[in-house]
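The values are calculated or read from the model by the stated rules, or taken from the named source; none is laboratory data. The structure presented is a predicted model; accordingly, all values stated were derived computationally and were not measured. In this analysis, Cβ positions are derived from the backbone assuming ideal geometry, glycine residues included, and neighbour counts consider all displayed protein chains.
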Amino acid sequence: MENKDEEKTTDFAFDRERFVLYKNDDILEDYDVSDTLLGKGAFGSVLKGIHKSTGQERALKYIPRSVITRKIERFVNEVSALKKLDHPNVIRLYEVYEVETDVVLVQELCKGGELMQRFETYDVLNEHKIATVFKQILLSIEYIHQNQIAHRDLKPENFMFTSEGDDAKVKLIDFGLATRPEKHEKGGKSEVHGIKSRVGTIMFMAPEVIRQDYNYKCDLWSAGVILYILVSGYPPFYGDSEYDTVNKILDYDFGFDQDVWNVVTPELKDLINHLLCAESERYNAEEALEHDWFKKHETNDESLSKEIPHCIKQIKKFTTFNRLKKILLTYFCTRMQNSKVVEAADMFKFLDKNNKGVLTVEDLKTPFTMDSTDLRELFQNMDTDKNQKIDYTEWLAAAKNWSAVITPEMIKDAFEVFDINADGCIDYKDLREVLTNDEDDTGVSKVWKTIIDEADTAGEGKIRIEDFMKMFESKLNLE
């Protein structure tokens, strides 16, 4: 029995989804909330909030309980999707508050505005800028499809820029209509079909959605409509009435006749044609990302290649941290503002040559040029949820240099999250409750006790705020 416990201790894992916190407290105790309306989603309004403990700005999506009662499936879909997803181009969910009249989703705040707001300021068609942005859109689609999620409401309003800077990233938002298509056997093959509900916005709706029998590729049609609008400024399918618009969609009735298309490259038109076509002929996200148009607009990654040795050094430092510090760094990553992780996020995308939104050992073999045994050990140390992949947050926790980022306010905030009973100390039961569903006091609980012991300087079997601070008191502890 002892050997099994030791094996479990070595094979320690925790789930990042547990860091999405559920609270019944008054949100005004934790946030200063602005009256300024940032936007409206599929079934909620969004306000800006400032987290009182850390000073971080966040987006607060208020969903009336009356709406949730009527559309409970949509609410569950949105929360379950956001908890699971972990990608540089997908919005991050922090907390869920249940207050008297509303449920509030606390998400990262994107300050750069909606997709079209930026492109409307450009006077000259710039295919390189469009390619840079549209690739991020496709990366987000490829990732959610890899996680068996169809968004079903892709449109320019549901893509936000992280900042007003030229290097701002694009984030996919609003999963209120997201769903998980089911697989069906047909002719001895497994096919994903059978979504029947007609949802979304007509102008971006695929023909098969109108016919009410569709799969993931409905999102690629919507992406094609977005691309067409980014180039021309007007939609490919538009009639005098909704009836006319629907008929144009069903007939694939669009073209490149206006003057703006005279200066558009054949490759870009070809990509649009492969997105705005019958579902059986339409590209999936992986195929679209391999299109020649993107190859024409690839950027020079030499500067990122030069950063790999420094990155490896940082990851090796991460492997020396005790497990509680690894847990805390992961928690910090789930709360970190985009501007603080730009370099690490860019490196993650650079290494993700397959565009899957995760890293495997194979992805790291060539760029890391390490002995295979050493590489696998490094990989296993980063893979804190033990799913044999490095997810985005795991990468940030291991590869980011945190020395200039972590503040006493962040540490205090993290301590309060893990101090379940608010008694000023954290024991193994607190840790277990935050990180797992396990309620057993034997077996795997030894893992949590060992983690506490590793960081407990007083030998009390408990961690106090002083212990938290001590782990991060010096830059030398992170650099």
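A few remarks follow.
- Residue that is farthest from ASN89 (Cα to Cα), among those in segment 357-388 that are in a loop (DSSP other than H, G, I, E, B) and in contact with a strand residue (DSSP E or B) (Cβ under 7 Å, 6 or more places away or on another chain): ASP383
- Scanning segment 73-127 for residues that are aromatic (Phe, Trp, Tyr) and either part of a loop (DSSP other than H, G, I, E, B) or over 18 Å from ARG58 (Cβ atoms) (or both) turns up PHE75, PHE119, TYR122.
- Tabulated pairs, segment 362-379, first over 14 Å from ILE308 (Cα atoms) and modelled with pLDDT of 95 or more, second loosely packed, with under 14 Cβ neighbours inside 10 Å and of a type in the set (Lys, Arg), C-beta under 6 angstrom, 6+ apart or interchain: none
- When the residues of segment 407-460 are filtered to those that are polar (S, T, N, Q) and outside any loop (DSSP other than H, G, I, E, B), the one that is modelled with the lowest pLDDT is SER445.
- Every test in (1) surrounded by fewer than 18 Cβ atoms within 10 Å (Cβ to Cβ); (2) within 21 Å of GLY113 (Cα to Cα); (3) at pLDDT 90 or above is passed by TYR62 save one, and that test is (1).
- Number of positions in segment 255-278 that are touching a helix residue (DSSP H, G or I) at 6+ places or on another chain (Cβ under 7 Å) and either modelled with pLDDT under 95 or of a type in the set (Gly, Ala, Ser) (or both): 2
- A search for C-beta distances below 8 Å between a residue of segment 300-328 that is within 16 Å of MET382 (Cα to Cα) and any residue that is part of a helix (DSSP H, G or I) and of a type in the set (Asp, Glu), counting only pairs 6+ apart in sequence or on different chains, returns THR319/GLU377; ASN322/GLU454; ARG323/GLU454; LEU324/GLU454.
- The selection criterion, being touching a Gly at 6+ places or on another chain (Cβ under 7 Å) and either surrounded by fewer than 15 Cβ atoms within 10 Å (Cβ to Cβ) or of a type outside the set (Phe, Trp, Tyr) (or both), does not hold for HIS51.
- Per-region count, segment 120-131, residues surrounded by fewer than 18 Cβ atoms within 10 Å (Cβ to Cβ) and within 21 Å of THR265 (Cα to Cα): 8
- Total residues in segment 389-406, condition under 23 Å from THR369 (Cα atoms) and not in a helix (DSSP H, G or I): 5
- Scanning segment 390-427 for residues that are more than 14 Å from LYS326 (Cα to Cα), among the charged types (D, E, K, R) and in contact with a Ser or Thr (Cβ under 6 Å, 6 or more places away or on another chain) gives GLU409, ASP413.
- Among the residues making up segment 10-41, those that are in contact with an Asp or Glu (Cβ under 7 Å, 6 or more places away or on another chain) and within 19 Å of ASN381 (Cα to Cα) are ALA13, PHE14, ASP15, ARG16.
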